[in-house]
Amino acid sequence: MAEIITDAYLEHESSLLAIIRNNLSPEQIECLNTLCDFKNKLTIKDLMLHKFKNIDQSTKPKDLKNSLKVFLEIKNYFTILSPIIKLLDLSPNSCQYYAIWVKKATSLQLKQFTDLNKIYLYLIAFIQHQLYLRQDFFMD
């Protein structure tokens, strides 16, 4: 049973990677590369991605202003990535799975992927998930 589930998961992920491989535009690749600069030896804290990982839940005006600024940055990423997000059509659970993995990952774990398309899949889901989380946060 575990083998069947694993095979189905890998097949589904392969189809998602094929969508990314065949449809990701140069602008979207550049956008995703700004989140993780693998050419330089940066730590996760140095990456743009790090500031997107946590939501400051303070209600002080200064903190809300900073949260809004980060939200607008994420929204910009989301806007650039929206065509591929629509093509991937990730279920909420899939999106959450990939996004939480990125949130918990260290830079070394992100660098372990040999297929850039797999990194892109995880980052796309992360951006999508963060936008939805932050919209909910601001509504609350």
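Annotations
- If the condition is being farther than 28 Å from LEU64 by Cβ, touching a residue at least 24 places away in the same chain (Cβ under 8 Å) and open to solvent by less than 80 Å² (accessible area, probe 1.4 Å), then the stretch 106-140 contributes THR106, SER107, LEU110, ASP115, ASN117, LYS118, ILE119, TYR120, LEU121, TYR122.
- Only one entry in HIS12, HIS50 is within 26 Å of MET139 (Cβ to Cβ) and open to solvent by 30 Å² or more (accessible area, probe 1.4 Å), namely HIS50.
- Identity of the residue in the stretch 98-140, of a type in the set (Ser, Thr, Tyr) and at pLDDT below 85, that ends up nearest to ILE29 (Cα to Cα): SER107
- Check on LYS41, at pLDDT below 95, open to solvent by 80 Å² or more (accessible area, probe 1.4 Å) and either within 22 Å of PHE137 (Cβ to Cβ) or assigned to a helix (DSSP H, G or I) (or both): no
- Long-range neighbours under 9 Å by Cβ, at least six apart or interchain, first residue over 15 Å from ILE29 (Cα atoms) within the stretch 73-86, second open to solvent by less than 30 Å² (accessible area, probe 1.4 Å): GLU73/PHE52; ILE74/PHE52; ILE74/ILE127; ILE74/GLN130; ILE74/LEU131; ILE74/ARG134; LYS75/LEU131; LYS75/ARG134
The values are calculated or read from the model by the stated rules, or taken from the named source; none is laboratory data. All of these numbers come straight from a predicted model, not from anything done at the bench. Every residue, glycine as well, gets a Cβ built from its backbone with ideal geometry; the counts of neighbours run over all protein chains shown. Note: accessible area is taken over every heavy atom of the protein model, side chains too, but ligands, DNA and RNA are not part of it. Shrake-Rupley method; radii C 1.70, N 1.55, O 1.52, S 1.80 Å.
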